[in-house]
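The structure appears right after this line, and notes come after that.
The values are calculated or read from the model by the stated rules, or taken from the named source; none is laboratory data. Note that the coordinates shown come from a computational prediction; the quantities given were computed from them, not determined experimentally. Ideal geometry is used to build each Cβ from the backbone, glycine not excepted, and the neighbour counts take in all protein chains shown.
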Amino acid sequence: MSYTLAAAATATGLSKKAILRAIKAGKITATKDELGEWHIEPAALHRVFPAVAEAAGKVGPPYSETDVEALGAQIEALLRQAGARLRQQLDDVRRDREAELEPGGALQLADQHERIR
C-alpha cells in the first residue's frame, strides 16, 4: 500500500511541498497515477524521512525541570534589571524635561536647538 502526497506528509511530519520537492529532486521515488495523484512507497519515503513516531522516540527533553526553573530565575532577574534601568532612564528624562520647563530652561533649550542647526 502506497502513500499519497498528503499521507506521506502526515507520516513524516513534513509539508506536502517538502515531500514533492524531495520527489522532484530524486531523493524519493514516486509514481503518478492517471488522475495525477502521487503514490509513494513507504520504504522509499522512510529511507529518506523517518516516521513521526520514530523521530519522536529518538528525541528526549533536552533540559530537566531543574534546568528550566534555573533558567526561568535567570530570565526573571534579567527582566527586573532591565525594568530598573528603564525606570531610571524615564526618571532622567522627566528630570531633564522639568529642568527645561523651569524659568530660563526654555531659553537654554532654544539655545541648544540653535546650536544644532
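Odds and ends about this structure:
- Of residues in the range 19-35 being β-branched (Val, Ile, Thr) and within 30 Å of the chain's Cα centre (by Cα), the one surrounded by the most Cβ atoms within 10 Å (Cβ to Cβ): Ile19
Condition check ((1) touching a Cys at 6+ places or on another chain (Cβ under 6 Å); (2) in a helix (DSSP H, G or I); (3) at pLDDT 90 or above; (4) not aliphatic (A, V, I, L, M)) across all residues:
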position: Ala18; (1), (2), (3), (4): no, yes, yes, no
position: Thr31; (1), (2), (3), (4): no, no, yes, yes
position: Pro50; (1), (2), (3), (4): no, no, no, yes
position: Gly60; (1), (2), (3), (4): no, no, no, yes
position: Thr66; (1), (2), (3), (4): no, yes, no, yes
position: Leu78; (1), (2), (3), (4): no, yes, yes, no
position: Leu109; (1), (2), (3), (4): no, yes, no, no
